[in-house]
Every structure is written in C-alpha cells, then in structure tokens.
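One structure below.
Laboratory data are not the source of any read-out in this text; all were calculated from the coordinates shown. Being a predicted model, the structure only gives us computed values, none of them experimental. Using ideal geometry, Cβ is built from the backbone for each residue, glycine included, and neighbour counts are taken over all protein chains shown.
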C-alpha cells in the first residue's frame, strides 16, 4: 500500500473513531444519563433561543412516565398497552418501530391508578435492555433483536404503595433492582448474562428513587434510598456497609435519587430538606456522618450537582439553587411550576421540564435566576425526563414520544 493510500485509510479510520465518540458522548443509556447525574454532553445552546422547537416526528406508544433511553441510533421506550407492558425499540431518526416485546402486567390500582404505565426507565448496557415493570418484573432483552434473554418475577406480587419506580442499575456484570413492598424489600443482583441471583439483601421496602454508584475508600458501593433510609451495599457481595435514617412523614416518600459527590451522599425529601452524609471508614466499618442539612427539599425531582451548586425544583414547585458545600439556599424563583419535574445540566445552561410541558432554559448562576427561554413542547402532561442529545431533544409525554430539534 502506498504512502498516500495509508494516509487516506488512517484519516478514514480517524473519522469513524471520532464519529463513534460523538455518538457515545450523546447517548442517554439509563435514568438521568450516562452516570445517573443529570448531565447531558454535546449540547450547544443557541445564541438566540427560538420560540418553539421543530417536531421531527411523534409516535403514540401508550401510557407511562418512564424516560426513554438513547444509545446510538436507537431509542428504547417502556409503556403499557391494555393489560400488558411493552418494551419498544425505535429508530431515533424517524420514530419507526424496530422491535417490540410485551408481557402481562398487573393493573395499577388505588391512588397510583391515574398513572397506569411503568415509571421505571430502561437501562441499556453491554448490548442488553433491562427494565423493571410496575409489578416488579425484571426483564433482560437483547438490544439488537428484542429477544428475551431472561425475565424474573421474584417480587411475588408485592409492590410499594404507588407501585415500582426505581430504575435498574447495571454494573460489574450485575443487574441490580430493589423489589418488594412496604416493610419487606429485597435488593437483588442478577447476573446480567444469565439472570441467576448472585446476591440479595433483605430489609426495608423500596422507595421510589433509583440507586447510584459510589466508591468510598476503595470499596465500590450501590447507594439506595429505601422507604425509610439511605444505605450503601457492597457491589461485590451485597453486604450492608452503612445505613442512615431518612424516613418521610405523613404522605411523604423517598423519591429523589441520591447525589454522589466524592464520598459525600446528598439526599432530599419532602418536609426534611436536603441532607449531606460523608461516608467514612473507621476501622473495618463504614459510617455515614451528617455534615449539613439544608432547609429546601424536593419531592419528585432530583437536584443536579454542577460546579459546587445544586439546581432543582423545590417541594413547593419552585426552581432553586443551593450550595453543595453547606446546603444554604442561593436563590429561588417566585414562578411556581410543579413538584414533579426534571432538571438537567446541559453545559452552558440548565434545562428544566415540569408537568406543564414547558421546557425552561436558564443560566447556571449562583447569584440569581436568569431565564433564557421557555418553550412549550407538548399539549399533554409530562412526568418523564427529556433526553438531550446535541440539538435533539426527545420528549416523552403521558402517551407518546417525540423528537424535537433546535433549528
């Protein structure tokens, strides 16, 4: 091969590598993004925000509050159709269905009945799709074909009061889920490849928050909010390493995903403000030491940690910012949204989306709230997070999913 040909091949290969890197950087493979921290990469905020986004496509998929997952050119959604839950793979470019799987699922009853579809978001890892249905069914499918690799129903019909909500966590070849009902829960680690139970921890029932990973003093841990506590389990064997009380009162729930900042775990809840625990090892044991307790708490929103600040939607339904060093409020808005909603760190700006279907862009300032744009993205309510990828924003409302773009 001549020198010029070798250079051409080299440049082509570099192009493929760069393209693959860009795609992977824009993936949103699980709840709250790649690292479960609400951070979107590759988003370029416009110098002048438009009054509306351009809708490229929209497909009705059925009821659900589950946030879709984006990997490469495929969008994975989770919904309900009659008496069944359906897992869908769509072409992200045009919304056309690539494959679907369905299975019988119990009806959502009681106070939760207004939301009949799944709340839990799909997790995509190692070429597999993992979901947790409203009744505690854990499924693992091949992401390319939709073939069911394994499906487990170890919850035995026991569910939380408002049914399952946590999104499965995949790490070290394990698919981890917290199942069961009030007062009786099980955290199970399934082998991702086989579905075999590798370990389990029995204790308090599940909350409605999703687990996250942290490493403290060299020990990899999964951090979980149960119905009454925040706990750390060893990823290797499920051993309980530490536990801190975080019990809600009245109608409160543990619904906000824990935030990890080094060896500090930050949790937030209705009527309890926001607390930070430092996870330290003393001898052979770990301890959770409370380091601060901020007055502002959230309900159905997880704050985002950015540059030492927490940005979220308060339990009163207002956008706010607080210091991650001491929990003290920096500012709060007077414009009430809703207690449900999502906040995303999009780099140069923050994006918020609440149930009223307004996408709000604002500056990540510690001084004051400065709104950049407010754009209506659906005529229906939205409980799922937006999936932000470059100039694309995927919106999941109560019964459909759409691709909107910044032009």
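If the segment from residue 234 to residue 348 were pulled out straight at 0.36 nm per residue, it would be longer than the present Cα-Cα gap by 37.5 nm. If the chain linking residue 126 and residue 34 were pulled fully straight, counting 0.36 nm for each residue of separation and taking away their Cα-Cα distance, it would gain 31.8 nm.
For Cα extents along the principal axes in Å, the value calculated from this model appears in (1) 58, 45, 40; (2) 76, 45, 39; (3) 63, 51, 50 under label (3). The residue 161 and residue 99 beta-carbon pair, evaluated with R₀ = 41 Å, returns a calculated FRET efficiency of approximately 0.75. Entry note, the chain: relative contact order of 14 percent, from Cα contacts under 8 Å with a spacing of 6+ residues.
Subtract the Cα-Cα distance of residue 247 and residue 323 from 0.36 nm times their separation in residues, and report this length gain in nm to one decimal. Length gained between residue 247 and residue 323: 25.0 nm. Between 200, 328, 336, the Gaussian network model of the chain with springs among Cα atoms under 10 angstrom shows the greatest mean-square fluctuation at 336. The GNM of the chain, with springs linking C-alpha atoms under 10 angstrom apart, assigns the highest mean-square fluctuation among 98, 344, 86 to 98. From the Cα gyration tensor of region 17-140, with a ≥ b ≥ c the square roots of its eigenvalues, which class applies: rounded if a/c is under 1.5, or else prolate if a/b is larger than b/c, or else oblate? Here region 17-140 falls in the prolate category. Using a Gaussian network model of the chain in which every pair of alpha carbons under 10 angstrom is joined by a spring, one finds that among 350, 166, 251 the greatest mean-square fluctuation is at 251. Label-to-label distance, residue 220 versus residue 142, with points set 7 angstrom from Cα along the beta-carbon direction: 2.6 nm. Gap in Å between the Cα centre of region 259-281 and the Cα centre of region 75-135? Taking the Cα centre of region 259-281 as reference, the centre of region 75-135 is 31 Å away. Give me the distance between the Cα centres of region 37-55 and region 354-407, rounded to whole Å. Each part's Cα centre sits 9 Å from the other's. Is any residue of region 391-407 close enough, with backbone N under 12 Å, to a label point placed 7 angstrom from the Cα of residue 83 along the Cα-Cβ axis, and if so, which? Correct set: none at all. P(r) tail for region 119-164: Cα pairs beyond 11 Å make up 65% of the total. Note that region 177-334 carries a Kirkwood radius of 16.0 Å, evaluated over its alpha carbons pair by pair. How far apart, in nm, are the 7 Å Cα→Cβ label points at residue 52 and residue 91? For the pair residue 52/residue 91, the computed spacing is 2.6 nm. Here the ratio of the Cα radius of gyration of region 265-339 to 2.2 N^0.38 Å is 1.18. As a size descriptor, the averaged projected area of the C-alpha convex hull of region 183-222 was calculated at 3.8 nm². Over all distinct Cα-Cα pairs of region 295-388, the Kirkwood formula returns a hydrodynamic radius of 13.0 Å. Computed over region 148-261, the percent of Cα pairs more than 19 Å apart is 41. Fraction of C-alpha pairs exceeding 12 angstrom in region 73-114: 62 percent, rounded to a whole number.
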